[in-house]
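A short worksheet on the structure shown next.
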């Protein structure tokens, strides 16, 4: 029997279906097995979704992961094992779902933390709406400086959305940014390090240093402005038109 042929309609017994599939590896028979055990996979997916929904995983994601586990179990199961397929497959479904949830959860938590950090930064740098051209230029440069510091810790930071971009290569700009940070006062260096290099929010830094969140925001803004002035003195930026 080829993969294009339909399974024998007279094969009603699951054991016979398994034995025939083991001999032929028919695509049609495999699909019939998938259809047979899909309700079991859905049940498993629903159970794990109810447990881990708060981790950021979606129900459809759990179902997709369960389907992958089901496919693996079908490919490796042998009726001669002497155990029910559901018992054998539970290991594969559970493993696939939990591995997937770990990845979703990690990505979800990281993305959530990054949104908090970016919100903190923009709130402190843009706390006063720019009313003049000079204020607007200063604000956009401050945002650029913030991105440059972030790039020291995260490789995939992009410049595309910036109005002002570095004129020099990444290695030189990184050296200039690090030198500018090193020249700051201890408290300012400490706040920048905790925020950008250890991914701590203003609230977390506030608790660690026993300083108000408002003061942390001010220190961040002061630090960015000081670094901006140092970089401007070296003609670091160019405006993108």
Matching residues, the stretch 181-192, being crowded, with 18+ Cβ neighbours inside 10 Å and more than 16 Å from residue 121 (Cα to Cα): 181, 184
Counted residues, the stretch 193-227 - those being part of a helix (DSSP H, G or I) and surrounded by fewer than 20 Cβ atoms within 10 Å (Cβ to Cβ): 17
Count of residues meeting criterion [under 14 Å from residue 14 (Cβ atoms), free of Cβ contacts under 8 Å to residues at least 40 places away in the same chain and not in a helix (DSSP H, G or I)] in the stretch 54-102: 2
Condition check for residue 152: in a helix (DSSP H, G or I), modelled with pLDDT of 80 or more, within 27 Å of the chain's Cα centre (by Cα) and within 19 Å of residue 231 (Cβ to Cβ): no
Selection status of residue 35, within 22 Å of residue 15 (Cβ to Cβ), surrounded by fewer than 14 Cβ atoms within 10 Å (Cβ to Cβ) and without any contact (Cβ under 8 Å) to a residue 40 or more places away in the chain: yes
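The values are calculated or read from the model by the stated rules, or taken from the named source; none is laboratory data. Computed from a predicted model, the values in this text were never measured in an experiment. Here Cβ is always computed from backbone atoms with ideal geometry, including for glycine, and neighbour counts include all displayed protein chains.
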